Amino acid sequence: MKKNAWRLCGLAVFVWGASIARAAVLFQDDVEHGTNGWTLEASGAATSTLWHITDRNASQGGHSWWCASPGRGTYADGSNVVNSLLTSPDIALGAIPAVFAFRESFLTESGIDDCRLLISTNAGAGWQTLSQCRWGSSAGWNLHVLDLTPFTGATIRVRFQFSANSYMNDYAGWFIDDLIAAEKTDADLDGLFDFEEAWWGADPALPDTDGDQLIDGAEA
């Protein structure tokens, strides 16, 4: 039984789809049930919020978050300053280290516009960057995974910040879907996290789900 896997940031991460082991999940949003506690705002000199839920493009299901003007189909909002923020509700991390994962698709002006992810551990009073300088074309939907081990035990918020500072803004922008924060537990010690195995329907209690004498982690 081969698995379809990406290895990002040192983690094997599997196709979203099956129900996830609930005990390991700290936060999950497939963008199919409204704003779900997320807040939207424009920052600095920007005048347009731009982030909104759309049915224009989705990783799975029918909806995703999109940072662009739905009427134009791009993030050209009539200004040369775009700085739009999408901020999560509080996510309580426990004593077990966790990861934050999401799917994204973007098309932006390369080297100038920026798809950035930030984190706060003090209810939004201060922010630090987890990932930045992702621009150009993602060539479709990709999975992005970030290790939250340094923030174990904290209550966090994550923020997606899209910024553009030129008049060349006739690009499709940034889509976000299938967001999850989950603990890095491995009940069967097969080298795969429990929530990863649930994505493709394996039993996180069995190290060799298909009985072929290879542990699931070796097949990834």
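The values are calculated or read from the model by the stated rules, or taken from the named source; none is laboratory data. These numbers were taken from a predicted model, which means no experiment stands behind them. Reconstructed Cβ throughout: ideal geometry from the backbone, glycine too, with neighbour counts over all protein chains shown. Areas reflect the complete protein model, heavy atoms only, side chains present, ligands, DNA and RNA absent. Shrake-Rupley method; radii C 1.70, N 1.55, O 1.52, S 1.80 Å.
Here are the numbers for the structure shown:
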read-out	value
Residues located in region 55-99, provided they are at pLDDT 95 or above, charged (D, E, K, R) and farther than 18 Å from I119 by Cβ	D55, R56
Close pairs (9 angstrom Cβ cut-off, 6 or more residues apart or separate chains): farther than 21 Å from E109 by Cα and free of Cβ contacts under 8 Å to residues at least 24 places away in the same chain in region 126-144, of a type in the set (S, T, N, Q) and surrounded by 15 or more Cβ atoms within 10 Å (Cβ to Cβ) anywhere	G126/S120; Q128/S120; Q128/T121
Any hit, region 24-36, residues being in a loop (DSSP other than H, G, I, E, B) and among the polar types (S, T, N, Q)	yes
Tally, over region 174-201, of residues that are open to solvent by less than 30 Å² (accessible area, probe 1.4 Å), at pLDDT below 80 and touching a Lys or Arg at 6+ places or on another chain (Cβ under 8 Å)	0
Candidates S137, S120, S131, filtered to the one that is buried (at least 18 other Cβ atoms within 10 Å of the Cβ) and touching a strand residue (DSSP E or B) at 6+ places or on another chain (Cβ under 7 Å)	S120
Every residue from region 91-141 that is within 15 Å of F175 (Cβ to Cβ) and either in contact with a Pro (Cβ under 9 Å, 6 or more places away or on another chain) or among the β-branched types (V, I, T) (or both)	T108
Near pairs, Cβ below 8 angstrom, 6+ apart or cross-chain, from region 40-52 (of a type in the set (D, E, K, R)) to any residue that is assigned to a loop (DSSP other than H, G, I, E, B)	E41/T49
Residue check for T209: over 12 Å from the mean Cα position of the chain (by Cα), open to solvent by 30 Å² or more (accessible area, probe 1.4 Å) and at pLDDT below 85	yes
Positions within region 58-76 being open to solvent by less than 50 Å² (accessible area, probe 1.4 Å) and either in contact with a helix residue (DSSP H, G or I) (Cβ under 6 Å, 6 or more places away or on another chain) or touching a residue at least 60 places away in the same chain (Cβ under 8 Å) (or both), in sequence order	A58, S59, S64, W65, W66, C67, A68, G73, T74, Y75, A76
Every residue from region 77-108 that is open to solvent by 20 Å² or more (accessible area, probe 1.4 Å) and either free of Cβ contacts under 8 Å to residues at least 24 places away in the same chain or over 17 Å from G37 (Cα atoms) (or both)	D77, G78, S79, N80, V81, N83, G94, A95, I96, P97, F106, L107
